[in-house]
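Student: Below is a structure I'd like to ask you about.
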Amino acid sequence: MSVLIMVVAGVLAGWAGRRLLGGLRRGAVVPAGWCEVGVSVAWGVIALRGMPWWWIAVPLLLAWGGVLLGVCDLRVHRLPDALTLPAYPVTAALLVLAAWHRPEVAVGSVAGLALFGGTYLLVRLVAPSAMGGGDVKLAGVLGAAVGAVSVPAVVGVVAAAAALTLLGALSRPAGAVAHGPAMVVPSWLVTLFWP
């Protein structure tokens, strides 16, 4: 697929996503360009990478949703249900398609969902002030996508997300820390480099 087409499509998808965020009841008003640039760069990288047609929608979705959720988390420190909850059936449909081509995807995605989502749920239950419910909901979706690639990669992504979150907390000693971007970036990178 042409890189230029994907970059232009990314700008349009980012613009639509920014408008969507601004219209959500618990969304965020985001300055022009943030979502457009983020999605177009990510989609351009995906086009450069090249991957099978049955997998490409997974990193495209993670890039689009990840940029929107990451920007919202950075701006207002929340991950809206209007984005995290619909991601479950959409991601499931994409992973079912991938499982037709690679059957091991099915078991890996369920294990990844349980591992990533379960880890974040445990942290939320033990230390509720450490993270929000939106982080737990996002962890399940990301775990399913990463687990489809490799269950051991889920452990690496959880560790990377924790390290990135710690770096974010150290750079902002006062105030809430946005977990979303730290979760999305390593998850997206794993889906980008497979198969």
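Student: Just name one of Leu121, Pro59, Trp100: the one whose Cα is farthest towards the positive end of the charge dipole of the chain (beta-carbon charges, Lys/Arg +1, Asp/Glu -1).
Tutor: The Cα lying farthest towards the positive end belongs to Leu121.
Student: Sticking with the crude label model, points 7 Å out along Cα→Cβ, report the distance from Trp194 to Leu24 in nm, one decimal please.
Tutor: With each label placed 7 Å out from Cα toward Cβ, I get 2.6 nm.
Student: Rounded to a whole number, what % of the accessible area of the chain do carbon and sulfur atoms account for, probe 1.4 Å?
Tutor: Using a 1.4 Å probe with all protein chains present, the chain comes out at 75 percent carbon and sulfur.
Student: Same structure, new question: What helices does the chain have that are whole DSSP H segments, at least 20 Å long along their own axis by Cα, and with mean Kyte-Doolittle hydropathy of 1.6 or more?
Tutor: Helices passing the filter in the chain: 57-76, 151-171.
Student: Could you tell me the accessible area of Leu85 in Å² (1.4 Å probe, neighbours in place), rounded to the nearest ten?
Tutor: 80
Student: Could I ask something else about it? For the chain, just run the numbers: alpha carbon Rg, then divide by 2.2 N^0.38 Å, N being how many residues it has.
Tutor: In units of the globular-protein estimate, the chain measures up at 0.97.
Student: What size of dipole, in debye to the nearest 20, comes out for the chain about its Cα centre when the only charges are +1 on Lys and Arg C-beta atoms and -1 on Asp and Glu C-beta atoms?
Tutor: Using only the charged Cβ atoms, the result is roughly 340 debye.
Student: So, in nm, how far is label Ala127 from label Leu166 when the simple model puts each one 7 Å beyond its Cα toward the Cβ?
Tutor: Computed distance between label sites Ala127 and Leu166 equals 1.1 nm.
Student: Looking at the chain as a GNM with Cα springs under 10 Å, which of Leu69, Leu138, Leu166 has the largest mean-square fluctuation?
Tutor: Highest fluctuation among the options: Leu166.
Student: Next question, about the same structure. Taking all protein chains together and a probe of 1.4 Å, list Arg25, Arg172, Arg78 from the most accessible to the least accessible.
Tutor: Arg25, Arg172, Arg78
Student: Anyone know which of His77, His101, His179 comes out most mobile in the 10 Å Cα GNM of the chain?
Tutor: Its mean-square fluctuation being the largest, the pick is His101.
The values are calculated or read from the model by the stated rules, or taken from the named source; none is laboratory data. Since the structure is predicted, the reported quantities are computational estimates derived from the model, not experimental observations. FYI the Cβ positions are ideal-geometry reconstructions off the backbone, even for glycines, and counts take in every protein chain you see. Surface accessibility is based on the protein's heavy atoms, side chains included, excluding ligands, DNA and RNA. Shrake-Rupley method; radii C 1.70, N 1.55, O 1.52, S 1.80 Å.
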